[in-house]
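Below: the structure, in structure tokens.
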Amino acid sequence: MLFLSNFLSTRYIKANFDDLRILKGMNVLVTGATGLVGSVTCKLLLAEGHQVFALVRSGADRSLLKGIQSRINWVEGDVLDAGSVEDAVKGMHYVVHTAAVVSFVPKDRAMMYRVNQQGTAHVVNACLLQGIVKLCHVSSIAALGRPDPRKIVGEHPLVLDESQRWEESPENSEYAKTKHLAELEVWRGIAEGLNAVIVNPTLILGEGDWTKSSTQIFRYVFQEKPFYTEGIANYVDVRDVASIVIQLLVSDISGERFLLNAGSISYKDLFDLIADKMGKRRPRFKVGSGLAGVIWRVEAVRTWLMGTKPLITKETAQSSARRISYDASKLRKALDFSFTPIDQTIARVCESLKQSI
């Protein structure tokens with residue numbers, strides 16, 4: 001119960017904590033359980049004594065679930081295999097769908113479309129077939145799409161909320177398109193009678209593998225890279241995401257989406273916070289849009305020659321320069337939820353990562 005006490009001491013479970021006990025004795029399937037959000041969700045569910053089932057591919061890296069692997073019911077399968085998804089959903093009461101491919105590398109696009117769109121369709125269909133209590137689909141803030149760049153003027157960032165509708169735009173990444181298509185599958189399921197909710201987290205900060213996903217930011221600063229980008233980052237603590245997912249599962253809320261965003265911070269300030277907590281030198285040279293354009297092109301050539309993945313791509317370079325923030329007041333009101341302050345998140349994650357080095 002140590003994990004649960006840590007959550008309580010830092011107020012990760014808010015006023016609706018008692019509602020989580022409704023899930024006692026329930027079977028919960030988590031796809032993408034070996035990833036950042038999925039692993040923390042599994043830990044929280046286990047801390048509450050629930051039966052957790054994880055749909056995983058053969059040979060998947062389970063290191064983020066170290067210490068609790070024996071407590072999880074492992075179901076070997078793949079979201080791309082409709083049959084294995086149907087088998088995994090049988091007997092489940094709740095499903096948390098976090099499995100997805102996140103990439104801005106062109107060679108990954110075909111697989112990303114298949115996993116993110118087709119995989120989600122398989123999950124939705126299986127949930128409809130088995131008549132589960134509720135599905136929570138963990139989407140991404142990218143699924144909202146990017147508005148016309150001409151709407152972003154002046155020094156003040158454009159503020160978006162759940163009313164934002166997808167717009168075809170060159171600003172939309174291929175990853176964003178796949179997550180939008182995945183959401184359409186969930187909305188289709190809702191129209192067919194599925195009880196489901198969608199969450200759209202911004203940049204998720206947590207104790208993950210710092211060679212993957214958003215946790216790479218901590219590694220970048222730890223290595224004392226001298227550059228930082230212009231623009232702002234919207235962020236949310238992974239523990240908050242897991243808590244919200246479970247609270248929404250047991251709530252009466254259905255057919256809704258919620259943006260999960262604790263706040264906005266400049267990349268310079270974010271990197272400085274991490275550097276200070278890591279005891280490293282702060283990045284000191286700003287990379288403007290012109291230099292970023294040069295860097296992603298150089299990276300493209302380097303990785304093509306070496307067969308590796310680029311540190312920066314055209315899409316990530318464009319994204320880092322955008323001045324868009326997100327309003328999460330709908331979620332705050334629905335669950336009476338307070339997000340974790342950025343300094344607390346950074347301090348906790350940095351301490352965890354330093355201990356694992």
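The values are calculated or read from the model by the stated rules, or taken from the named source; none is laboratory data. None of these values were measured; they are calculated from a predicted model. No Cβ is skipped: glycine too gets one built from the backbone with ideal geometry, and neighbour counts run over all protein chains shown.
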_Residue list for segment 191-232, restricted to those being farther than 23 Å from Gln344 by Cα, assigned to a loop (DSSP other than H, G, I, E, B) and touching a residue at least 60 places away in the same chain (Cβ under 8 Å)_ = Glu192, Gly193, Leu194, Asn195, Glu230
*Please indicate, with yes or no, whether at least one residue in segment 67-89 is closer than 20 Å to Leu260 by Cβ and out of contact with any strand residue (DSSP E or B) (no Cβ under 8 Å at 6 or more places or on another chain).*
no
_Residue list for segment 57-111, filter: without any contact (Cβ under 8 Å) to a residue 12 or more places away in the chain and hydrophobic (A, V, I, L, M, F, W, C)_ = Ala110, Met111
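Conditions tested, residue by residue: (1) closer than 19 Å to Val349 by Cβ; (2) surrounded by 17 or more Cβ atoms within 10 Å (Cβ to Cβ); (3) at pLDDT below 95.
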| site | (1), (2), (3) |
| --- | --- |
| Met1 | no, no, yes |
| Thr10 | yes, no, yes |
| Leu23 | no, yes, yes |
| Val28 | no, yes, no |
| Ser63 | yes, no, yes |
| Asp81 | no, no, no |
*Assuming Val85 fulfils every condition listed in (1) surrounded by 17 or more Cβ atoms within 10 Å (Cβ to Cβ); (2) in a loop (DSSP other than H, G, I, E, B) apart from one, which condition is it?*
(2)
*Failed condition for Glu162, given (1) under 23 Å from Lys107 (Cα atoms); (2) assigned to a loop (DSSP other than H, G, I, E, B); (3) modelled with pLDDT of 90 or more, with all others met?*
(1)
*asked:* Please go through segment 324-357 and give me each residue that is among the β-branched types (Val, Ile, Thr) and more than 15 Å from Ser264 (Cβ to Cβ), ordered by number.
replied: Val349, Ile357
*Quick check: anything in segment 180-190 assigned to a loop (DSSP other than H, G, I, E, B) and buried (at least 18 other Cβ atoms within 10 Å of the Cβ)?*
no
*Which ones in segment 319-349 are at pLDDT 95 or above, hydrophobic (A, V, I, L, M, F, W, C) and either in contact with a helix residue (DSSP H, G or I) (Cβ under 9 Å, 6 or more places away or on another chain) or within 21 Å of Tyr228 (Cα to Cα) (or both)?*
Leu331, Ala334, Leu335, Phe337, Phe339, Ile342, Ile346, Ala347, Val349
_Here are the criteria: (1) buried (at least 19 other Cβ atoms within 10 Å of the Cβ); (2) over 20 Å from Gly119 (Cα atoms); (3) more than 21 Å from the chain's Cα centre (by Cα). Tell me which single one Leu194 does not satisfy._
(2)
